[in-house]
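Peer 1: Dumping the structure here so I can ask a few things about it.
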Amino acid sequence: MDLLQLLIIGILGLAVVVAGTVFLARRRALPPATKPELPARPTAEPTAPPAEPGETPASELPAVPALERPEAPATRMARLRRRLAGSNNPLARGLLSILSSDRLDAEAWDDFEATLITSDLGVGPTQQLTEALRHELAIDGVSDQALARQILRTELLKLVDPDLDRELKVDGADGKPGVVLVVGVNGTGKTTTIGKIARVLVAENKTVVLGAADTFRAAAADQLQTWGDRVGVPTVRGPEGGDPAAVAYQAVQRGLDDGADVVVVDTAGRLHTKTGLMDELGKIKRVIEKLAPVTEVLLLIDATTGQNGLIQARVFADVVQITGIVLSKLDGSAKGGIVVQVQRELGVPVKLIGLGEGVDDLVPFEAEAFVDALLSE
Ligand SMILES: Nc1nc2c(ncn2[C@@H]2O[C@H](COP(=O)(O)OP(=O)(O)OP(=O)(O)O)[C@@H](O)[C@H]2O)c(=O)[nH]1
Ligand SMILES: [Mg+2]
């Protein structure tokens, strides 16, 4: 083999190597000639076996019923939010309308005011809110939705007043039980609310006595006793048509004898226009206080009655010194604005709100949660 032959073999060999490398490189650059890959299945999630024909898939089977236990506060608040949220509530809709207005002209503000007044917010609070918003939004406008919403929240919160003491006063002094007296017109939810309160107190390991000072109907005492029996709390009751003040006195005496923590006294629903019945309420309180101070007088107001609730509140406040308001039936057609009015008028905080007929449908009132519920979409 001469030098020329060697050179040709060398060149051919080099060409083969170069061609091979180029071919492999190009193959790598091309997309794989395989089928598209399936999206990866997360391995942590167990996969249920496919349902047999005629069988209900596991995901659709009803959950095993849980044992009864008081509902967590967070879930109750979620319910409040749902019930008061923008689309479900005229007050909330009215409030949010100002955020979606293209132009904040006089007509837009008039509409805003009208909606708030018809939502039980009252003339004074409505004007205060409108003036504050007109002033603030005149500077920034509603072009920045988040900021406008923040301003609305701040002004609304001022009206609802987050600084009021809303704690239920259930602690007695000097070894005596705390005494809670519950008053209000017919059917506002007094007995039901007492049942719910008893449940909460028992859950807090407090010992409770109930007093059925509604002696108008035997059924009223039965209703209260049923609530008490459920949570193992005794109910002191008197003869039908008997003196309600006497029953209230006996209930507090029983609380003292038993060393109970709290005595809760139910009263008959009474129209604020019936002077005799209103006087009787004053007497009940005075008689109780021969034994122990009344630590809390709760006035029940049905939130769906709007302005009438306010008129009732004034009259009750004249007869017994109201220390807290329970706004019931905020789950119904109530607009909620009454919270602001009634607090202003009486200078007494709303302490609890009723959100339904269920045993756990009573929630401590919180200004922030209330405002946020109204402003949630
Ligand atoms: N939807 C709803 N219903 C409620 C609420 N609170 C009470 N109720 C219902 O209102 C009705 C009257 O409640 P009661 O507790 O008997 O009212 P009351 O004030 O004791 O009534 P009288 O003793 O007759 O004056 C009952 O059907 C309750 O279930 C609430 O927050 N929401
Ligand atoms: Mg009752």
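Each reported figure results from applying straightforward, stated rules to the coordinates on display, with no laboratory input. Remember, it's a predicted structure, so these values are computed and weren't measured experimentally. Note: ideal-geometry Cβ built from the backbone for every residue, glycine included; neighbour counts use all protein chains shown.
Peer 1: Can you run the Rg to Rh ratio on the stretch 249-377? Use alpha carbon positions and the Kirkwood inverse-distance Rh.
Peer 2: Dividing the radius of gyration by the Kirkwood radius yields 1.00.
Peer 1: Per residue and in Å³, how big is the convex hull formed by the alpha-carbon atoms of the stretch 73-160?
Peer 2: 101
Peer 1: Another question about this same structure. What nm value, rounded to one decimal, do you get for the distance between residue 226 and residue 333 when each label is placed 7 Å out toward the C-beta?
Peer 2: Those two pseudo-labels are separated by 2.6 nm.
Peer 1: May I pose another question? Aspartates and glutamates near residue 335 by alpha-carbon distance under 12 Å, same-chain residues fewer than 8 away left out - which ones?
Peer 2: 120, 302
Peer 1: Now for a separate question. For the stretch 300-315, list residues with backbone N below 16 Å from a point placed 7 Å from the Cα of residue 118 toward its Cβ?
Peer 2: 306-307
Peer 1: Something else now. When the Cα centres of the stretch 143-175 and the stretch 186-204 are compared, how far apart do they sit, in Å?
Peer 2: If you average the Cα positions of each part, the centres end up 24 Å apart.
Peer 1: Next up: Return the distance in nm (one decimal) between the two label points of a simple spin-label model at residue 257 and residue 165, each offset 7 Å from Cα along Cα→Cβ.
Peer 2: Once both label points are built, they end up 3.3 nm from each other.
Peer 1: Under unit Cβ charges (Lys, Arg +1; Asp, Glu -1), what dipole magnitude, rounded to 20 debye, does the stretch 178-375 have relative to its Cα centre?
Peer 2: So the dipole magnitude of the stretch 178-375 works out to roughly 420 debye.
Peer 1: Would you list 331, 257, 243 from fewest to most Cβ contacts within 10 Å?
Peer 2: Placing the least packed residue first, the sequence is 257, 243, 331.
Peer 1: How charged is the neighbourhood of residue 164? Take every other residue with its Cβ under 15 Å from the Cβ of residue 164, and add Lys/Arg as +1 and Asp/Glu as -1.
Peer 2: Net charge around residue 164: -3.
Peer 1: What pairs from 206/329; 206/274; 283/351; 158/283; 274/351 go past 32 Å between their alpha carbons?
Peer 2: Over 32 Å apart, Cα to Cα: 206/274; 158/283.
Peer 1: May I ask you to sort 227, 109 by Cβ crowding, counting other Cβ atoms within 10 Å and putting the fewest first?
Peer 2: In order of increasing Cβ crowding within 10 Å: 109, 227.
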